[in-house]
Amino acid sequence: MLPGMDDGSKDVATSIEMIRRSAEQGVEGIVFTPHFYAHLNSPEEFLDRRSRSLAELEAELDKLSVVPKYTVGAEVHYFKGISRINDLNRLCIGKSDYILIEMPFCVWKPNIIDEVEEISQVSGLSVIIAHVDRYLDQDKRLLSRLIENPDILIQCNADFFIERRTQSKALKILKNGVIDLIASDSHNLNSRKPNIAEAVGIIEKRDNRIFLDHIIETGQKIFEAAL
């Protein structure tokens with residue numbers, strides 16, 4: 001949702017409208033998580049760009065009648081050596097020790113999972129795996145290592161529940177207790193618009209309140225730690 005950062009909002013006006021629509025859906029807190037790619041930017045360069053983008057947005061927030069609480073983080077794309085860089089904590093969500101990791105889209109090897117698990121062991125950070133719904137065709141044994149690791153939280157996108165072709169699978173995975181967080185992963189106002197309320201409605205309609213409560217409580221815990 002930050003303007004001009006990457007493949008998300010193109011300008012401040014778009015960002016403002018995305019936030020407005022989110023607030024209308026009952027969203028009380030937003031984490032801005034632009035992509036961080038180690039091969040494109042150093043953490044310093046990324047954080048500088050993020051600060052400038054956030055300042056540009058904040059200068060226009062008074063146009064909104066309701067502004068949810070917000071904080072910043074990053075969607076950190078996995079790279080070799082990620083568990084051993086000294087300033088990884090600077091990419092965490094707000095003041096918390098939670099870090100959002102985007103797994104690679106290549107075929108996973110055991111050493112990739114080893115290193116993701118080492119993030120918490122070496123850096124003491126709490127890993128959140130972004131949009132697990134995109135990795136379901138990976139080696140089931142390796143995927144299970146992430147899902148079953150008690151130190152790792154699993155996030156999926158709202159679209160996973162909304163799209164008819166994936167809805168049944170999403171609800172099944174939810175009922176298996178796999179999902180800890182749901183994100184809008186909103187990038188724009190059209191193809192990837194704010195849509196968290198629609199996903200929540202589908203989950204509630206299928207009488208999955210106990211799982212939804214867990215997701216809400218997990219999100220609140222992270223957000224409180226971030227502020």
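Values in this text are rule-based calculations from the coordinates and carry no lab data. Just so it is clear, the structure is predicted and the values come from calculations on it, not from any experiment. So basically every Cβ, Gly included, is an ideal-geometry build from the backbone, and we count neighbours across all protein chains shown.
Structural remarks
- The range 80-89, residues that are within 19 Å of Leu47 (Cβ to Cβ) and either surrounded by 14 or more Cβ atoms within 10 Å (Cβ to Cβ) or touching an Asp or Glu at 6+ places or on another chain (Cβ under 7 Å) (or both): Ile82, Ile85, Leu88, Asn89
- Among the residues of the range 46-70, those that are aliphatic (A, V, I, L, M), more than 23 Å from Asn86 (Cα to Cα) and surrounded by 14 or more Cβ atoms within 10 Å (Cβ to Cβ) comprise Leu54, Leu57, Val67.
- Listed conditions (1) of a type outside the set (Asp, Glu); (2) at negative phi; (3) touching a residue at least 40 places away in the same chain (Cβ under 8 Å) are all met by Leu142, apart from (3).
- Elements of type strands (runs of 3 or more DSSP E) in the range 34-147, at least 1 residues being more than 20 Å from the chain's Cα centre (by Cα), within 27 Å of Asp159 (Cα to Cα) and among the hydroxyl-bearing types (Ser, Thr, Tyr): none
- If you go through the range 26-45 and keep only what is in contact with a Pro (Cβ under 8 Å, 6 or more places away or on another chain) and surrounded by 15 or more Cβ atoms within 10 Å (Cβ to Cβ), you end up with Val27, Gly29, Ile30, Phe36.
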